[in-house]
Amino acid sequence: MATQVPDRRGRFGRYGGKFVPETVMHALEELEAALNKFMADEAFLHDFQEELREFSGRPTPLTFAKKMTERLNGAKIYLKREDLNHTGAHKLNNAIGQALLAKRMGKEKIVAETGAGQHGVAAATVAARYGLECKVFMGEEDIERQALNVFRMKLLGAEVVPVKSGSKTLKDATNEAIRYWVSNVEDTFYLIGSVVGPHPYPKMVRDFQRVIGDEAREQFFNRENKMPDCIVACVGGGSNAIGTFYPFLDDESACVGVEAAGKGIDTPQHAATLTKGSLGVIHGSLTYLLQDEAGQIQEPYSISAGLDYPGIGPEHSYLKDSKRVEYVSITDDEALDALTLLSQEEGIIPAIESAHALAEAFKRAKEMNKHETILVCLSGRGDKDVHTLMKTMGGEAH
Amino acid sequence: MATQVPDRRGRFGRYGGKFVPETVMHALEELEAALNKFMADEAFLHDFQEELREFSGRPTPLTFAKKMTERLNGAKIYLKREDLNHTGAHKLNNAIGQALLAKRMGKEKIVAETGAGQHGVAAATVAARYGLECKVFMGEEDIERQALNVFRMKLLGAEVVPVKSGSKTLKDATNEAIRYWVSNVEDTFYLIGSVVGPHPYPKMVRDFQRVIGDEAREQFFNRENKMPDCIVACVGGGSNAIGTFYPFLDDESACVGVEAAGKGIDTPQHAATLTKGSLGVIHGSLTYLLQDEAGQIQEPYSISAGLDYPGIGPEHSYLKDSKRVEYVSITDDEALDALTLLSQEEGIIPAIESAHALAEAFKRAKEMNKHETILVCLSGRGDKDVHTLMKTMGGEAH
Amino acid sequence: MKRFKKYVEGRNDLFIPFIMSGDPNEQATIELAVELQDRGANVIELGIPYSDPLADGPVIQEAASRSLKNNTTLESSIKSVKKMREKGLKIPVIIFTYYNLLLQLGEDYFFALARENEVDGILVPDLPYEEGEHLRALCEKEGLALISLVAPTTSEERLQQIAGNASGFLYCVSSLGVTGVRSEFHASVFAFLEKVKKYSSAPVAVGFGVSKAEQVEALKESCDGVIVGSALIKRVASHEADLQDPKTREKAIKQIGDFAAALTAPYRTEKLST
Amino acid sequence: MKRFKKYVEGRNDLFIPFIMSGDPNEQATIELAVELQDRGANVIELGIPYSDPLADGPVIQEAASRSLKNNTTLESSIKSVKKMREKGLKIPVIIFTYYNLLLQLGEDYFFALARENEVDGILVPDLPYEEGEHLRALCEKEGLALISLVAPTTSEERLQQIAGNASGFLYCVSSLGVTGVRSEFHASVFAFLEKVKKYSSAPVAVGFGVSKAEQVEALKESCDGVIVGSALIKRVASHEADLQDPKTREKAIKQIGDFAAALTAPYRTEKLST
Ligand SMILES: Cc1ncc(COP(=O)(O)O)c(C=O)c1O
Ligand SMILES: Cc1ncc(COP(=O)(O)O)c(C=O)c1O
């Protein structure tokens, strides 16, 4: 059964594992022991649930997209509104969980990596809320492109450390965060932002994010008295997608993960890891990734900073092989169209990441019957993207 | 009893009324009739509640500010999280209500005014969601200062109309919206953004915003088994404050409205209407306002665009006279300090507007006992203000 | 009310110009008032500049801005009426002011000033009938006309009440919207005017958009007069420089007078032909 | 394993330099390997440049960047070992490569290449003991050393297992963190080394931060050798221009050799004095 992974070695089928320097192994063992303890601890789970509710505002609603549905004239579209979380995306669910765990483990500091800054803001937020010191590693290029999020993190009291190595973007920030962690494992907790990294991170992040799917499953059933015919989510590292899909894996619902096709999967500029990548090791995990023939990791491209990651959570590689989830890709342009459409039909400006899922859902809805249903994970709000949109759309929304 | 106002003429004591051109009177009568009908209509109220829940994500949580409370070492501080509403502030509660009403009245278009763009975004959002045409009037100066919100409105499908008259800011945008409305009353609904304007607007907006206080009252009682000792909210036009206070007016809780003192109430640069203003008529309502000796309305100033209004809802003038609510003011600098403090202690970046309420609450908390409690309405999130903060704080958060 | 009796009551060819006090300066306004009387005006509607004139279109808004630069106030404007009288103005003058200005001046002081400076009436565009009770009583006591407005959207019930209590003249708004030039009136205006005339206890004048002789011609059978604001003020604006210069002012004022005379020619043609 | 037998086993003065393949070019790396042998090296650790070297500090990261510009690959690096042999290199060479490069080359092909090019061992910094089972079996079959690492945080249980299965030599990480120069070692390193030596089935060499003769002196009683990476690579970086130019290369290589000799002088002093 799909829900039995990972195994004790942290493998989802052949994927996952712990491909890390010996210096990190102790920290992973410690984390695993803490997880085993606290994920079975009523008091910890209660705190986690309470903070999700009272700090982040969960449960997030399930919104029926009435006008969008009418316009497409096909399957009914429901949106799981992760954009309504505090700080604007599903990222906080996981950040709350890990930060509470770090506290329980007696750590005083957290370190995190960030690309566009969404996970960095989430990490800085929980650090402030729970009284932890926070360092966020961020590529120099990203720091320049995301000045607003950099300021938010600083305002929240975090230190943003510029990363000058490699391509100066997310993957290098991740390397640098791991390096820092290795040097400071005793008092520092590494707060990873997606279902990636060495075991037990992919499992832990999934278990903190499954609240998305758990809520959605109940809400959907209350509305429709059945399970959705299709569930769609975007895939960067894959945390919102796994969080959404996981509780449905034993149901009949089709699940579709949507990667970023950037300027097209036939160009070098995309981030379609499962569609175009090959097996390898990245950031401690055996999984699909974008690399050249020799095994050097490649810079991905997507208009959405959150999907711009050369690897993917190992559980997705597993779900692809097992065919339980289908993976497709959506281009920048298709995502922008979907973003505009949802804004104008429903008054919700989605994150560009989430717009990839929407674009795929809209395509499918048109081909489906009116009694069928699609559940889309709206992973975040688009406010963070307005700058990018202004540049891309030339200052004029249409 | 406080809850019996306004009277049939729309007066809160001596304040309020309908000081509008004859051309508007018919539209106000029509609106009043519709309100009387639909606010007693189960189906309408059900739709309103459902949209608050499923579109905007209500109920918003009540968050205990643990670290902040410990730091101040006085009264317990609770935050009513209106920042977690869709689009990021309490403004949407009212926009949803008015837009649903407009639909029921058979109007096809809405017109709104906006200063910083928050209400404009809320109006554009509901227009998209419910299929209404939307025109937003906005001062030319504000359009320049708030390019991001202008883009958001356009993305949502609204037309943003630049206002070149007068001081080219909010009050002129309001005049212009009213002028447009006057010319198009048959098919156009004027969606006002606060508890201002001619009767029945102040009452209607209050009744749509009281959900804040209704929820908070129940949530607070469930947590503390009593009513808060003190309730604090910022006051621009006064909608989040009335929405919060109103359900508590017959309780013992002290209520405090916080105006913007800008650079100081002894300078000409403030927006402290009740503290420094005098009786007059603005935008159809008899109330306190900032004016010169001859009665020309003055441009207010505050670092927070949402408090930057020369008038105030007439019910606040009434509550000031009756002493049921106390009104104080907070400077730009005090608000910025409170904003930084909450960000770093609780991981919540508040809107600069809301930071005015926080600053006052923090002052009071220090002087209160540990068994006492303060409820603060956190009216909106600060993401919209990050640009302003970067400019003011010089790019470096501390 | 005696000036109304003499110059307004019983007539059906009323020409009621609206001019902005202090636009572009006090002297020009005074001279323009007298010139308009000479060109056939029956009442002068003297607008007081306001920062937030929400019943007005752009032409009058801009006039107010120009005037406010001269620190024109309600008080200074009322005092200038006396100066108009000294220059020979005999027809009624009504003060057109937003309510806030009146509130700040104080109603008692207003009436004292009005008496002293020979003002005949007042029009408060943002004081609808329901809110005007107190002011109406004071006006009655002081013998001033409180000019009321009715609009095509005014309900039958209110129309009856407002028109039935009209004093001085009844201001009929031609169409929805704010003040400003309109090229045509909707046909429905005639049915509306018929209804208004049925109820009105005073002459019925039509305003909002009157800017051409053709309109005056078209309206003249259906009402007792026209109010002309934006069309005139546009001429004031285009002669601003000349009106500022004492040496060219007189000529500019005559030219504005010529425009007023041409606009209201349909009334005089009738007078001649009868 | 025969080169390990000859040059490594039983010794307690091992000098194991780490050099980056292709930094700044293949020829320089080949000549440097031979020079280091001449200056007392017992094993050459040949680093393969990788885009994401997460166990490495900035000095080695930059060396990798320089090398990648020359399109250095795992395959080209293994092939260059043969060229080192042709130049007289006799001591064992171990390939230091991140796991992904090995995966992409293919393990079978790797072993074929290793055999053909006279490679003696492999070290995969991101392949901890638990994940190394398969590779360990293959190495054993092929007679290659799979170099394992232990760190101060390695638990007693794992330490026992890893050290007990060590082949070639056991790489002892001096302290937490990534590769790079450290000015001092924490006192606890000695207790750690004692424990490691107790369990180890192979000579114990200390790496991460060794950069000064004083450190070698301080460590020499507690372990069987030192691994020197960043300190050497810094010299390569500072001689980059000279190493690129065939005319100046030899001199630059000698200078790097001088540094290596000075660093490991404590071993030779001992050799002389015994
Ligand atoms: C809104 C949003 N959606 C999706 C993602 C992609 O992450 P994941 O695939 O882990 O859900 C991000 C990452 O920053 C994000 O901000
Ligand atoms: C976040 C926020 N708080 C408060 C206000 C002030 O409005 P009101 O006084 O009507 O609540 C605004 C207005 O834009 C706002 O955006």
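Read-outs throughout are calculated quantities, based only on the coordinates presented, and are distinct from any laboratory measurement. All values reported here derive from a predicted model rather than from experimental measurement. Don't worry about glycine lacking a Cβ; one is built from the backbone with ideal geometry, like all the others, and counts go over all protein chains shown.
Do me a favour and compute the ellipsoid semi-axes for region C:3-45 from its Cα gyration tensor, root of five times each eigenvalue, largest one first, whole Å.
22, 9, 8
Could you give each residue of region B:66-81 its phi-based ³J(HN,Hα) in whole Hz, using Karplus coefficients 6.51, -1.76, 1.60 with θ = phi - 60°, and x for Gly or Pro?
Per-residue couplings from phi come out as 5, 5, 4, 4, 4, 5, 7, 6, x, 4, 6, 10, 10, 10, 8, 8 Hz.
Taking B:LYS37 as the anchor, which lysines have their alpha carbon closer than 23 Å to its alpha carbon, excluding any fewer than eight residues away along the same chain?
Cα-Cα hits under 23 Å: B:LYS18, B:LYS103, B:LYS107, B:LYS109, B:LYS203.
Please list the non-local residues whose amide H lies under 5 Å from the amide H of A:GLN298, H modeled 1.01 Å from N, same-chain partners needing a gap of 5 or more.
A:LEU290, A:GLN291, A:ASP292
Alpha carbon centre of region D:236-268 versus region D:172-198: separation in Å?
27
Please compute the modelled spin-label separation between D:SER183 and B:GLN4, points set 7 Å along Cα→Cβ, answer in nm with one decimal.
Here the answer is 8.1 nm between the modelled labels.
Would you calculate, for chain C, the mean residue ellipticity at 222 nm contributed by helices, counting each DSSP H stretch of 4 or more residues as -39,500 (n - 2.57) and dividing by all residues, to the nearest 500?
After summing the helix terms and dividing by the residues of chain C, the value is -15000 deg cm²/dmol.
If Rh is defined by the Kirkwood formula over all Cα pairs and Rg also comes from Cα, what ratio Rg/Rh do you get for region D:112-267?
Using Cα coordinates only, the ratio equals 1.01.
If the viscosity is 1.306 mPa s and the temperature 10 °C, what Stokes-Einstein diffusion coefficient in µm²/s follows for region A:249-398 when Rh is the Kirkwood radius over Cα pairs?
98
For chain A, what does -39500 (n - 2.57) per DSSP helix run (n ≥ 4), summed and divided by total residues, give at 222 nm, in deg cm²/dmol to the nearest 500?
The per-residue figure over chain A is -13000 deg cm²/dmol.
Using Cα positions and a limit of under 25 Å, work out the lysines in reach of B:LYS263, with same-chain residues fewer than 8 apart set aside.
The reachable lysines, counting only those whose Cα sits under 25 Å from B:LYS263, are B:LYS168, B:LYS171, B:LYS276, B:LYS320, B:LYS363, B:LYS366, B:LYS384, B:LYS391.
Read phi for every residue in region B:330-338 and hand back ³J(HN,Hα) as whole Hz from Karplus 6.51 cos²θ - 1.76 cosθ + 1.60, θ = phi - 60°, with x for Gly and Pro.
Karplus values, whole Hz, x for Gly and Pro: 10, 7, 3, 5, 4, 5, 5, 4, 5.
Determine the dipole magnitude for region B:121-257: charges of +1 sit on the beta-carbon of Lys and Arg, -1 on that of Asp and Glu, nothing else is charged, the reference point is the Cα centre, and the result goes in debye to the nearest 20.
Charge dipole, region B:121-257, about its Cα centre: 280 debye, nearest 20.
Take chain D, mark every one of the trypsin sites (Lys or Arg not before Pro) that falls in a DSSP loop and has at most 15 other Cβ within 10 Å, then report the longest stretch left between them, sites excluded.
Counting at most 15 other Cβ atoms within 10 Å as exposed, the longest clean stretch of chain D is D:91-274.
Can you tell me which lysines have their Cα less than 30 Å from the Cα of D:LYS2? Leave out same-chain residues fewer than eight positions away.
D:LYS79, D:LYS82, D:LYS83, D:LYS87, D:LYS90, D:LYS141, D:LYS195, D:LYS197, D:LYS198, D:LYS220, D:LYS254, D:LYS271
In square nanometres and to one decimal, what's the mean projected area of the convex hull around the Cα atoms of region D:126-169? Walk me through the numbers on the way to the answer.
Values: hull surface 12.3 nm².
It is 3.1 nm².
Which far-off residues, 5 or more places away or on another chain, put their amide H under 5 Å from the one on B:HIS283, with H placed in the peptide plane?
Those lying under 5 Å, H to H, from B:HIS283: there are none.
Give me B:MET393, A:MET153 ranked fewest to most by other Cβ atoms within 10 Å of their Cβ, as a rough exposure proxy.
Sorted ascending by nearby Cβ count, the order is B:MET393, A:MET153.
What net charge do the residues around D:ALA112 carry, taking every other residue with its C-beta under 14 Å from that of D:ALA112, with Lys and Arg at +1 and Asp and Glu at -1?
-2
Could you compute the net charge surrounding C:LYS2? Neighbours are other residues with a C-beta less than 14 Å from the C-beta of C:LYS2; K and R count +1, D and E count -1. Each step should come with its number before you reach the end.
Details: positive: C:ARG3, C:LYS5, C:LYS6, C:ARG85, C:LYS90, C:ARG115; negative: C:GLU9, C:GLU118, C:ASP120, C:GLU142.
Around C:LYS2, the surrounding residues sum to +2.
Scale the Cα Rg of region B:180-316 by the rule-of-thumb value 2.2 N^0.38 Å and send over the ratio, two decimals.
This ratio for region B:180-316 stands at 1.15.
When the Cα centres of region A:96-137 and region B:137-165 are compared, how far apart do they sit, in Å?
37
Starting from the alpha-carbon convex hull of region B:76-193, give the projected area averaged over all orientations, in nm².
Result: 7.9 nm².
So which GluC sites (Glu not before Pro) in region D:1-81 are both in a DSSP loop and have at most 15 other Cβ atoms within 10 Å of their Cβ?
Numbers: sites: D:GLU9, D:GLU26, D:GLU31, D:GLU35, D:GLU45, D:GLU62, D:GLU75; in loops: D:GLU9.
Here the GluC sites (Glu not before Pro) that fit, given the DSSP loop and packing criteria, are D:GLU9.
Which of rounded, prolate, oblate describes region D:1-130, given a ≥ b ≥ c as roots of the alpha-carbon gyration tensor eigenvalues and a/c under 1.5 marking rounded, otherwise prolate only if a/b is larger than b/c? Walk me through the numbers before you get to the answer.
Values: a/c = 1.38, a/b = 1.25, b/c = 1.10.
Here region D:1-130 falls in the rounded category.
If one computes P(r) from the Cα atoms of chain C, what percent of pairs lie at distances over 22 Å?
Cα-Cα pairs in chain C separated by more than 22 Å: 52 percent.
I need the calculated FRET efficiency for the pair D:GLU140 and A:GLU70, taking r as the beta carbon distance and R₀ as 60 Å, to the nearest 0.05.
0.35
Mean shadow of region A:317-398, computed from the convex hull of its alpha carbons, in nm²?
Result: 6.5 nm².
Can you tell which of B:TYR78, B:GLY157, B:VAL185 lies farthest toward the positive end of the dipole of the protein assembly as shown, using +1 and -1 charges on the Cβ of basic and acidic side chains (Lys, Arg; Asp, Glu)?
B:GLY157
Looking only at GluC sites (Glu not before Pro) in DSSP loops with at most 14 other Cβ atoms within 10 Å, what is the longest site-free stretch of chain A?
That gives A:1-107 as the longest site-free run.
About its Cα centre, what dipole magnitude does region D:123-274 give when the only charges are +1 on Lys and Arg Cβ and -1 on Asp and Glu Cβ, stated in debye to the nearest 20?
In debye, rounded to 20, region D:123-274 gives about 460.
Could you derive backbone 3J(HN,Hα) for region A:291-299 from the dihedral phi with the Karplus parameters 6.51, -1.76 and 1.60 (θ = phi - 60°), listing whole Hz in sequence and x where the residue is Gly or Pro?
In residue order, the calculated couplings are 8, 8, 4, 7, x, 7, 6, 9, 6 Hz.
For the protein assembly as shown, with only Lys/Arg (+1) and Asp/Glu (-1) charged at the beta-carbon, what is the dipole magnitude about the Cα centre, in debye rounded to 20?
I would put it at about 420 debye.
For region A:1-61 and region C:92-135, write down the distance between their C-alpha centroids in whole Å.
That distance is 75 Å.
Scan region B:310-378 for trypsin sites (Lys or Arg not before Pro) in coil per DSSP, keeping those whose Cβ has at most 16 other Cβ atoms within 10 Å, and list them by number.
Qualifying residues, ordered by number: B:LYS323, B:ARG324, B:LYS370.
Toward the positive end of the charge dipole of region A:52-143, about the Cα centre and with charges on Cβ (Lys, Arg +1; Asp, Glu -1), which of A:ASN93, A:GLY139, A:PRO59 goes farthest?
Toward the positive end, the furthest listed residue is A:PRO59.
Could you state the principal axis extents of the C-alpha atoms in the protein assembly as shown, from the largest down, to the nearest angstrom?
138, 67, 64
Under 5 Å between amide hydrogens, which residues at least 5 positions from A:ILE231 or on another chain qualify, with H placed 1.01 Å from N in the peptide plane?
So A:ILE231 has HN proximity to A:ALA254, A:CYS255, A:VAL256, A:LEU375.
Averaging the inverse of every distinct alpha carbon separation and then flipping it gives the Kirkwood radius. What is it for chain B, in angstrom units? Intermediate results must be reported in sequence, preceding the final value.
Details: mean 1/r = 0.0484 Å⁻¹.
After inverting the mean inverse Cα-Cα distance, the result is 20.7 Å.
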